[in-house]
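Chemist: Got a structure here, written out as structure tokens. Questions coming.
Please treat every number below as a calculation from the coordinates, not as lab data. Here the structure is a predicted model, which is why all the values come from computation and not from measurement. Note that we place each Cβ from the backbone using ideal geometry, even for glycine, and neighbour counts take in every protein chain shown.
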Amino acid sequence: MGVSKKILVIPGDGIGQEVTAWGKKVLETIAVNFNHTFTFDEGIMGHVAIEATGDPLPAETLDKARASDAILFGAIGHAKYDNDPTAKVRPEQGLLKIRKELGLYANLRPIKLFDDLLQASSIKPEILQGADILFFRELTGDVYFGEKLRSEDRATASDLMIYHKYEVERIARKAFEAARTRRKKLCSVDKANVLEASRLWREVVQEIAKEFPDVETEHMFIDNAAMQLIKDPKRFDVVVTGNLFGDILTDEASQIAGSMGMLASASVGDRVGFYEPIHGSAHDIAGKGIANPLASILSAALLLDISFGLKDESQRVIRAVDATLRQGYRTMDIANKHTANDMLLGTDAMGAQVLKNLN
Ligand code: NAD
């Protein structure tokens, strides 16, 4: 039996427009192939929305987002604002607002290296091969939102690292649920030997772990985790951590996968999920038709898996990407400069090749 779902597509700015078209086409193809009914709507956000309405997140887009089952987003940003940091209305305000309004408290970033891109990483292929990690970074707490102080003489400063039990509980539960559908291993990263907020984090994760006896749980200090990630990335399955440690670890981990044009992320809360490539609007290549659409296509795969629970469909998309890379097709950003075997494609030809491999 097929499922019936409403998907809001927000292409945004720059290459967001070019790559999201392919994420959407992949979802349309999956719907046909697996007998699902996906209904699409479109919303504006970012620079295009400011130009059209004066607001980076018009109320109409937010209403559509609330009424949807999942959101496929591209990117926002325009050179005009990058060069004018004082501009009062800015594209990124739209992104921050939609995350807040939808209550998205967990950021998920899968790190999966496709075998054919092993050479694109700065880490040795034999260490990377087979690495497949899913990060859960908490988004609402930690030093980002705790009290910030500066002494009167400006010579002393502090940021409060604060976590509430419910914040740890809800993200831990999501991470355990994901681990259950994968290799059933969860690593919680903290600094419980030093930080009280981490001791709370660890206590709560230990508590939630009792609900998931089938998942093997380990606790690791952040300093060790940062080292293990490079030394032996294959040892990790699901990693759950706080906002600050997650910020740093996920950027470190993105290097395991090679290129920005390959990585997708999801922000989830209690209801609607928000899926996007990790890259921005890339004005330097916007309009040239050369952006890599694979991160958007992999965002669509993530959406199918996490928001709709359609694992087979999601795997099918990932396999189509894998097949396309194995055939030697590359966009400029992932081309191997040292061999002449790559077949260089633009955005549309690359997207079309993935669609072909889906069928
Ligand atoms: P960027 O991610 O847009 O680009 C960084 C570099 O990677 C560029 O050289 C770009 O050409 C390349 N690149 C990125 N995605 C690619 C793809 N799919 N295929 C091929 N190459 C790709 O980051 P930036 O240049 O720092 O920022 C550009 C704009 O994007 C800014 O306005 C920034 O504010 C915005 N931005 C938005 C988001 C978002 O919407 N989530 C994230 C980061 C940056």
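Chemist: In whole Å, what are the Cα extents of region 180-227 along the three principal axes, biggest one first?
Modeler: 31, 24, 10
Chemist: Taking the Cα centre of region 167-316 as origin, work out the dipole magnitude from +1 charges on Lys and Arg Cβ and -1 charges on Asp and Glu Cβ, in debye rounded to 20.
Modeler: 380
Chemist: Using +1 at the C-beta of Lys and Arg and -1 at the C-beta of Asp and Glu, which of S314, M220, M350 has the Cα lying farthest in the positive direction of the dipole of the chain?
Modeler: Positive-end residue among those listed: S314.
Chemist: Further, regarding this structure: Note the direction-averaged projected area, equal to a quarter of the hull surface, for the Cα convex hull of region 74-188, in nm².
Modeler: 12.3
Chemist: Separate question: Could you size up the charge dipole of the chain around its Cα centre, putting +1 on the beta carbon of Lys and Arg and -1 on that of Asp and Glu, and report it in debye to the nearest 20? Please report the intermediate quantities before stating the final value.
Modeler: Working: 44 positive and 51 negative charges, 132 e Å.
So the dipole magnitude of the chain works out to roughly 640 debye.
Chemist: Let me ask you something else. Once Lys and Arg get +1 and Asp and Glu get -1 on their Cβ, which of I171, V205, V238 lies farthest toward the positive end of the dipole of region 122-257?
Modeler: Checked the options; the winner is V238.
Chemist: What percent of all Cα-Cα pairs in the chain falls in each 10 Å bin, counting up from 0?
Modeler: Spelled out bin by bin, the chain gives 5, 24, 32, 27, 11, 1, 0 percent.
Chemist: Can you return the aspartates and glutamates within cross-link range of K231? Criterion is Cα-Cα under 15 Å, with same-chain partners fewer than 8 residues away left out.
Modeler: E126, D132, D223, E252
Chemist: So which aspartates and glutamates can K24 reach, going by Cα to Cα under 19 Å and dropping same-chain residues fewer than 8 places off?
Modeler: Answer for K24, where 19 Å is the Cα cut-off: D13, D41, E42, D69, E276, D305, D312, E313, D322, D348, listed by chain and number.
Chemist: Separation of region 282-305 and region 1-31 by C-alpha centroid, Å?
Modeler: Centre-to-centre distance over Cα atoms comes out at 11 Å.
Chemist: Could you tell me which of rounded, prolate or oblate describes region 122-257, using a ≥ b ≥ c as the square roots of the eigenvalues of the alpha-carbon gyration tensor, with rounded for a/c under 1.5 and, failing that, prolate when a/b is larger than b/c and oblate otherwise?
Modeler: Because a/c hits 1.5 or more and a/b fails to exceed b/c, region 122-257 counts as oblate.
Chemist: Turning to a different aspect of this structure: Between region 202-225 and region 69-135, what is the separation of their alpha carbon centroids in Å?
Modeler: Centre-to-centre (Cα) distance: 26 Å.
Chemist: Right, another one. May I ask you to list the trypsin sites (Lys or Arg not before Pro) in region 109-181 that are in a DSSP loop and have at most 14 other Cβ atoms within 10 Å of their Cβ?
Modeler: Here the sparse-neighbourhood loop sites are R154.
Chemist: Now a separate question. Residues with amide H under 5 Å of D69's amide H, sequence separation 5 or more or different chain, H placed in the peptide plane at 1.01 Å from N; which?
Modeler: K6, I7, L8
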